[in-house]
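Everything below concerns the one structure shown next.
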Amino acid sequence: MKSKRNKLIYNTVTFALVIVAYLVLSYMVGHKMISRSLKGQLIPICCWIVMAISLNLVVGISGELCLGHAGFMSIGAFTGIVISGWLLNGFQFENESLRLLIAIIAGGLAAGIMGVIIGIPVLRLRGDYLAIVTLAFGEIIKNVLNCIYISVDGRHLNWGFINNEIEGIRLLNGPNGAVSVKIISTFTAGFLLILFSLVIILNLVNSRAGRAIMAVRDNRIAAESMGVPVTKYKMMAFVTAAVLAGMAGALYGLNMATLVPTKFSFNESINVLVFVVLGGIGNTLGAILSATALTILPEKLRFLQSYRMLVYAIVLIVVMLVTNNSLIKNWIRSFLIRFKGNRKEELS
């Protein structure tokens, strides 16, 4: 009973913080109380939050190390751009909100299908082998996108691996990526995507399937001996994370006037993994906070010019040392216990 109450409080606090943050930022944007650079970061922050909490489902809840999460994001990004451009140029579909919704759904479906294709052979692996294969997958996707050309001719989508083979309005131009993208992403869409991701993930974690996923994480042999289909539940977490990453990618891609495949490199997958680790593996709220802080921090350090990333790395090291220090954790825990005790005495 106490465990259920704690989970309810945790979920309520998570949703409340996200909603309050959205309302405050919307008010600040409406009254021009926010800088232009931070305003331009609002949508990317939403995308990286979704990426962080989706990867947390794989790394923290499922217990598998995935190093190719940016690959799913790239699939969603370019799928969303192509679908949006096709609807606009081929069908003269002018409704931006509906076009964005269709693009996000298409990006999620494309990434989910790829997640199933990759997951069937890959999720039978464990540990370092899984990490290496997912890393290879991310690099393969990036290089394939570097070679694909897509255009819309009337209502027909044309694609090929050679520049001169396709005709019409270019949507994806190989290594040059997507150029002259019609930006339709909004901060409200990013906020709704975060809420949708939280509903999916928190409900999954607190469901029977979520308990099975965590049982596999804690002791695979014991779970198998109790009849838990290990591959099925690992696939469930992996594909769910891939779908959410694809949706975040579509939102991200339709917020960039120009987007190249090399943007989604191995470094981006590592950045998302840093968000998860820094926020606490398995901690959804921590992933949200760390993704927000670490997205804003590099921009705030631009005044340091060439020393910017050095300071960023030092901050990461210090924070990781502090958050993993048992003495500090014990001190915080004893302080909270003492604070609760004082509050009870005052109330009595």
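Normalising the average separation of contacting C-alpha pairs (under 8 angstrom, six or more residues apart) by the number of residues puts the relative contact order of the chain at 29 percent. If you wrap the chain in the convex hull of its Cα atoms and look at it from every side, the mean projected area works out to 21.6 nm². Residue order by solvent-accessible surface for Met28, Met247 is Met28, Met247, largest first, with ligands and nucleic acids left out and a 1.4 Å probe. Geometric descriptor of region 1-145, per residue, is 172 Å³ (volume of the convex hull of the Cα atoms).
Summary of packing: across the peptides 101-110, 254-263, 76-85, 123-132, the per-residue average of other C-beta atoms within 10 Å ranks them, highest first, as 76-85, 101-110, 254-263, 123-132.
Counting only protein heavy atoms and using a 1.4 Å probe, the accessible area of Phe264 comes to about 10 Å².
As a ratio to 2.2 N^0.38 Å, the alpha-carbon radius of gyration computed for region 200-261 takes the value 1.52. Measuring between their Cα centroids, region 166-241 and region 80-126 lie 13 Å from each other. Estimated purely from DSSP H runs of n ≥ 4, each contributing -39500 (n - 2.57), the mean residue ellipticity at 222 nm for the chain is -24500 deg cm²/dmol once divided by its residues. Here the label points at Ala136 and Lys32, each 7 Å from Cα along the C-beta direction, are separated by 5.6 nm in the simple model.
Approximating the spin labels as points 7 Å out from Cα along Cα→Cβ, the Ser334-to-Ser207 distance works out to 4.4 nm. Taking Cα centre as origin and charging only the Cβ of basic (Lys, Arg, +1) and acidic (Asp, Glu, -1) residues, the dipole magnitude of region 1-93 rounds to 440 debye. Once you list every other residue whose beta carbon is under 14 Å from the beta carbon of Asn11, what net charge do they have if Lys and Arg are +1 and Asp and Glu are -1? Net of charged neighbours comes to +3. Per residue, the chain exposes an accessible area of 53 Å² to a 1.4 Å probe, with every protein chain left in place.
Among the protein heavy atoms, those of Lys232 account for about 110 Å² of accessible surface (1.4 Å probe, every chain in place). Taking Lys and Arg as +1 and Asp and Glu as -1, the other residues whose beta-carbon sits under 11 Å from that of Val58 total +1. If r is the Cβ-Cβ distance from Leu310 to Phe91 and R0 is 45 Å, what FRET efficiency results, to the nearest 0.05? E between Leu310 and Phe91, to the nearest 0.05, is 0.35. A Stokes-Einstein calculation at 4 °C with viscosity 1.567 mPa s, built on the Kirkwood radius of region 180-337 over Cα pairs, returns a diffusion coefficient of 69 µm²/s. Relative to the longest principal axis of the Cα atoms of the chain, the long axis of helix 96-122 lies at roughly 70 degrees. Surface listing: Cys66, Cys147 arranged by accessible area from highest to lowest gives Cys147, Cys66, probe 1.4 Å.
Around the Cα centre of the chain, unit charges on the Cβ atoms of Lys, Arg, Asp and Glu (plus for the first two, minus for the last two) sum to a dipole of about 1340 debye. Extension gain, Asn219 to Asn6: 0.36 nm times the residue separation minus the Cα-Cα distance gives 74.3 nm.
Phi-derived couplings, Karplus 6.51 cos²θ - 1.76 cosθ + 1.60 at θ = phi - 60°, listed residue by residue for region 58-64: 7, 7, x, 8, 7, x, 10 Hz, with x used for Gly and Pro. The slack in the chain from Thr258 to Leu327, taken as 0.36 nm per residue of separation less the alpha-carbon distance, amounts to 20.1 nm.
The values are calculated or read from the model by the stated rules, or taken from the named source; none is laboratory data. Fair warning: this is a prediction, and the values are worked out from it, not measured in the lab. Cβ sites come from the backbone with ideal geometry, for glycine too, and all protein chains shown count toward neighbours. The area values use the complete protein model at the heavy-atom level, side chains included, leaving out ligands, DNA and RNA. Shrake-Rupley method; radii C 1.70, N 1.55, O 1.52, S 1.80 Å.
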